[in-house]
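The values are calculated or read from the model by the stated rules, or taken from the named source; none is laboratory data. Owing to the predicted nature of the structure, the values given are computational and were not obtained by experimental measurement. Quick reminder, even Gly has a Cβ in these numbers, built from the backbone with ideal geometry, and neighbours come from all protein chains shown.
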Amino acid sequence: MPELLNATFQIVTPMFIGDADHSPNDGIRPPSIKGALRFWWRALNWGRYLHEARDESKALQLLHQQEARLFGIAADGKETGQSLCLLRVTSNVRRLKKTQLPEAKSGHQYLLGLGLYHFKDKYLREARSTGEVQINVRFHPNTQPNERQSVAEALLMLGLLGGLGSRARKGFGALAIQMFDGADIKVPTNTNEMIAVLKKLTADRLDAMPPYTAFSMRSRIDLISETKRDAWQLLGEIGSNMQLYRSFGQNGKVGDKQAERNFIDDHDLGFQATHGDKVNTHPRRIVFGLPHNYFFSTDNSKADVNAITPKPGGGWSDIGANRRASPLFIHPHQFPDGSIAAVLALLPGQFLPDDWRIGIKGKGAVQQTPVNPDWSVLHQFMNRFPNRQTVLESRP
C-alpha cells in the first residue's frame, strides 16, 4: 500500500466546531480529525482483537497498544509515542455567523438541544458551512500494510457514519466520503454500494457486548433513502420523529401534532422524583444518552437524571459531573452525484462501568438506582421509518 492516503469529504450539515471558546476560528484541525479516526478505528477493531486474544482484558490491552502505535500517545511520565501517521487537512468551508445558519425548524431544534439553540435567541454558536474537506494521511516507513489498511478503513467509516463537532452524533457536522486514493477502498456511489461497503467493513463482529462503543452482533445500521430532499430537510424530519417518539408533550400536543406519549412511565417517574417520592428504577429513555432531564410547567418542578460514580472515601459524585454519549448515530449522507440518504447506526456497548449508578435528583437527596439500559427503546425508534433498509441486523 502507498505511504499516502488522500480522501475528500463533503460537509453535509453545518459543523459546530472551533477553539476553546467555541468560536470556529480554528476551522477543522488535524487533532479533531485524529480524534474521530481513533474512535472509528476502535469501533471497527474490537471484534478483531477479541477474536485474537479470546479474553476481554487482554483484547483491550492489545487494542490500546496498537492504537498508541498508530496514532501516538501523550507523554504521561511513564511512556510516550509518536504517531505512525501524519495528517494534513485542507478545506474550502467558511465561517457562518449565527444569522447565516439555515432555519432550524422544530426537528432541528430538538436535535440541536439547549447548548446550541434557544427558542428566543435562536442559534447560540457560529459554525462552519457545508463544503469540501481534504484529508491527507502520510505514514512512517515502518508502518505495516495491514496497519495502513486499518487506518484507511477508519477514514472511510468516518465518511459513512461520522462527523465532527458538537452534536455530531445528532447529524450536525456530518462528513460524507466523496473520493479515496491510496488504498483498496471503494467509495459508495449509491445506497446498494453503501450497504455492501458497510457489511464488508463490519464483517468481524462478535456476539459479546463490547465494553465500549464498537461494532458487534448487537449493532444495527439502517439506511433511509431520500433523493427528493436535501440533507437539512431529511435531518429535520428525523429530529421531528425523535421528538414525537420521546416527548410527553403539553396539553396532549408535541408542537402542532398529537402527542404519542410512548413513555408515560418515564413521565410519572420524573414527576414523583420532583416531589420527593421514592423511585426504584430509572427512566427507560436514558438509553438515548445522559444527562436526561425533566421540567414540569404545571408547578415549575424539575428532575435531573445522570450517571453518578462512587467516591474513594464513600458517597457518590455530583449528579452533574458525568455524561454518557448516545449510542445512536444519525448521519445525513451525500453521495458523489449529490443524492441524499441518512444512516441510523446503533452501536450498543457497556452503558456505564459496573460500579456506576443512575442518580435521580428531584426534591430532596439524590436517589440512586442500578443501571439497566433497555436497548429496545432505540430499536423501536429506528422502526418508525417505513422507507428504511436494514444493513446490519441486531441480535437480541
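For the structure I just gave you, tell me whether Leu269 is within 18 Å of Val287 (Cα to Cα) and over 18 Å from the mean Cα position of the chain (by Cα). Break it down stepwise before answering.
Details: within 18 Å of Val287 (Cα to Cα): yes; over 18 Å from the mean Cα position of the chain (by Cα): yes.
Yes; evaluated as a whole, the condition is true for this residue.
Can you list residue pairs whose Cβ atoms sit under 6 Å apart, with the first residue in the range 305-323 being assigned by TED's automatic domain parsing to the domain that holds Tyr294 and on the phi < 0 side of the Ramachandran plot and the second being exposed (fewer than 12 other Cβ atoms within 10 Å of the Cβ) and of a type outside the set (Lys, Arg)? Count only pairs 6 or more apart in sequence or on different chains.
Pro310/Asp355
Restricting to the range 34-58, what's the tally of residues that are of a type in the set (A, V, I, L, M) and modelled with pLDDT under 95? Show your work before the answer.
Taking the range 34-58 first, the residues of a type in the set (A, V, I, L, M) are 36-37, 43-44, 50, 53.
Filter once more, keeping what is modelled with pLDDT under 95: 50, 53.
Of the residues in that region, 2 qualify.
From the residues in the range 318-356 that are farther than 30 Å from Leu234 by Cβ and not hydrophobic (A, V, I, L, M, F, W, C), which one is surrounded by the most Cβ atoms within 10 Å (Cβ to Cβ)? Write out each step before concluding.
The first filter runs over the range 318-356 and keeps only residues farther than 30 Å from Leu234 by Cβ, leaving 318-322, 350, 352-356.
With not hydrophobic (A, V, I, L, M, F, W, C) added as a condition, the list becomes 318, 320, 322, 350, 353-355.
Working: Asp318: 13, Gly320: 12, Asn322: 16, Gln350: 13, Pro353: 11, Asp354: 6, Asp355: 7.
Across the range 318-356, the extreme among qualifying residues is Asn322.
Do we have Lys120 as assigned to a helix (DSSP H, G or I), loosely packed, with under 15 Cβ neighbours inside 10 Å and either among the basic types (Lys, Arg) or in contact (Cβ under 8 Å) with a residue 24 or more places away in the chain (or both) here?
no
Which of the numbered conditions does Pro141 fail, given that it passes all the others? Conditions: (1) in a helix (DSSP H, G or I); (2) surrounded by fewer than 19 Cβ atoms within 10 Å (Cβ to Cβ).
The number of the failed condition is (1).
Residue check: is His379 outside any loop (DSSP other than H, G, I, E, B), out of contact with any Gly (no Cβ under 7 Å at 6 or more places or on another chain) and surrounded by fewer than 20 Cβ atoms within 10 Å (Cβ to Cβ)?
Values: outside any loop (DSSP other than H, G, I, E, B): yes; out of contact with any Gly (no Cβ under 7 Å at 6 or more places or on another chain): yes; surrounded by fewer than 20 Cβ atoms within 10 Å (Cβ to Cβ): yes.
When the stated conditions are applied, His379 passes them.
So which of Ala152, Ala176 ends up being touching a residue at least 40 places away in the same chain (Cβ under 8 Å) and crowded, with 22+ Cβ neighbours inside 10 Å?
Values: Ala152 fails: crowded, with 22+ Cβ neighbours inside 10 Å.
So the residue among Ala152, Ala176 that is touching a residue at least 40 places away in the same chain (Cβ under 8 Å) and crowded, with 22+ Cβ neighbours inside 10 Å is Ala176.
Scan the range 225-261 for residues that are among the β-branched types (Val, Ile, Thr) and either farther than 30 Å from Ile11 by Cα or at pLDDT below 95 (or both) and report the count. Spell out how you get there, then give the answer.
Narrowing the range 225-261 to residues among the β-branched types (Val, Ile, Thr): 227, 238, 254.
This time we only want the ones that are either farther than 30 Å from Ile11 by Cα or at pLDDT below 95 (or both), so: 227, 254.
The number of residues fulfilling the criteria is 2.
For the range 199-255, how many residues are more than 25 Å from Asp266 (Cα to Cα), of a type in the set (Phe, Trp, Tyr) and part of a loop (DSSP other than H, G, I, E, B)?
2
Counting just the residues of the range 269-303 that are in contact with a Gly (Cβ under 7 Å, 6 or more places away or on another chain) and outside any loop (DSSP other than H, G, I, E, B), which one comes out farthest from Gln367 (Cα to Cα)?
Filtering first and then ranking leaves Tyr294.
Of all residues in the range 193-215, how many are under 15 Å from Phe329 (Cα atoms) and in contact with a Gly (Cβ under 9 Å, 6 or more places away or on another chain)? Give the steps one after another, and end with the answer.
Going through the range 193-215, the residues under 15 Å from Phe329 (Cα atoms) turn out to be 198, 212-215.
Within this subset, residues satisfying the condition of being in contact with a Gly (Cβ under 9 Å, 6 or more places away or on another chain) are 212-215.
The qualifying residues number 4.
On the given criteria, is His275 surrounded by 17 or more Cβ atoms within 10 Å (Cβ to Cβ), in contact (Cβ under 8 Å) with a residue 60 or more places away in the chain, of a type outside the set (Ser, Thr, Tyr) and not assigned by TED's automatic domain parsing to the domain that holds Gly107? Walk me through how you get there before you give the answer.
Details: surrounded by 17 or more Cβ atoms within 10 Å (Cβ to Cβ): no; in contact (Cβ under 8 Å) with a residue 60 or more places away in the chain: yes; of a type outside the set (Ser, Thr, Tyr): yes; not assigned by TED's automatic domain parsing to the domain that holds Gly107: yes.
When the stated conditions are applied, His275 does not pass them.
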